[in-house]
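Step one of this worksheet: look at the structure below.
The values are calculated or read from the model by the stated rules, or taken from the named source; none is laboratory data. Worth saying up front: this structure is predicted, and the values here are computed from it rather than measured. Here the Cβ is made from the backbone with ideal geometry for all residues, glycine too, and neighbour counts use every protein chain on show.
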Amino acid sequence: MNLNLNYRALQVSKPIPDSYFQLMRVLSDESRFKILKVLWNGEATTKEISDILRLSPSTISLHLKMLREADLVTSSKIKKFVYYRLKKDKTPYAPGSDAELFEVLRGSNNVASVIQHSPDV
């Protein structure tokens with residue numbers, strides 16, 4: 001068997017969107033993935049997430065900021081508390097979406113399913 005290993009001839013059919021890399025950076029951190037797992041079960045405040053994961057509230061806030069910027073989490077303020085929730089409508093597989101790359105990498109049909117079926121935190 002003769003394989004052509006000319007790497008210079010290798011061409012990518014389409015450029016990879018920056019949003020794929022942003023999604024992978026966000027999901028590559030264990031703490032952020034655990035926060036998504038917590039939020040899969042329902043909305044929670046920074047303090048509640050902090051208590052569950054045993055991380056400082058300031059650390060949780062930084063991670064939540066990154067998750068919001070990646071459009072995976074949304075928040076709403078009720079009185080003096082800010083409640084965070086997972087944007088499940090943003091995670092299902094759709095051709096051309098960030099989840100498409102995640103599906104290929106994980107062998108799953110959507111990011112939400114990976115979060116749902118990951119081990120408990």
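Of all residues in segment 66-81, those being farther than 13 Å from Leu27 by Cα and surrounded by fewer than 16 Cβ atoms within 10 Å (Cβ to Cβ) number 7. For segment 44-75, a tally of residues being without any contact (Cβ under 8 Å) to a residue 24 or more places away in the chain and polar (S, T, N, Q) returns 6. Scanning segment 11-56 for residues that are at pLDDT 80 or above, of a type in the set (A, V, I, L, M, F, W, C) and in a loop (DSSP other than H, G, I, E, B) turns up just one, Leu55. Candidates are the residues of segment 33-63 that are more than 15 Å from the chain's Cα centre (by Cα) and of a type in the set (Val, Ile, Thr); the one that is surrounded by the fewest Cβ atoms within 10 Å (Cβ to Cβ) is Thr59.
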